[in-house]
Amino acid sequence: MATPETEAMEQHIELVRYLANSLLSEDVDFGVAAKVSGDQIRIDLSVPEGHRGRVIGRGGRLARALRTIVSAAGISTNKNIVLDIVD
């Protein structure tokens, strides 16, 4: 049986996958990993270097928007969600 932390983490991972899939083309392989630490869930979105601009956007606007959406989703689970875009 899954714990509430695990269920919350899986929901946030699926949200990030959905958002990244919407921004990237079908043939781009990306990864999503998460780690729970107390009241914080850290989600790492790994995108190939040539496609990272589609997730970050001009001046980081898309990255900021993604972080805002994921952070707002964390309010319902009383978790602080941190989204990092990594290599």
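The values are calculated or read from the model by the stated rules, or taken from the named source; none is laboratory data. Because the structure is a prediction, the values reported are computed rather than measured. So basically every Cβ, Gly included, is an ideal-geometry build from the backbone, and we count neighbours across all protein chains shown.
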Hey, could you check segment 1-38 for residues that are in contact with a strand residue (DSSP E or B) (Cβ under 6 Å, 6 or more places away or on another chain) and at pLDDT below 90 and say which is farthest from Ile69 (Cα to Cα)?
-> Glu5
For Leu62, all conditions in the list (1) at pLDDT 95 or above; (2) at positive phi hold save one; what is the number of the exception?
-> (2)
Residues in segment 24-47 that are touching a His at 6+ places or on another chain (Cβ under 9 Å), farther than 18 Å from Ala73 by Cα and not polar (S, T, N, Q): how many?
-> 3
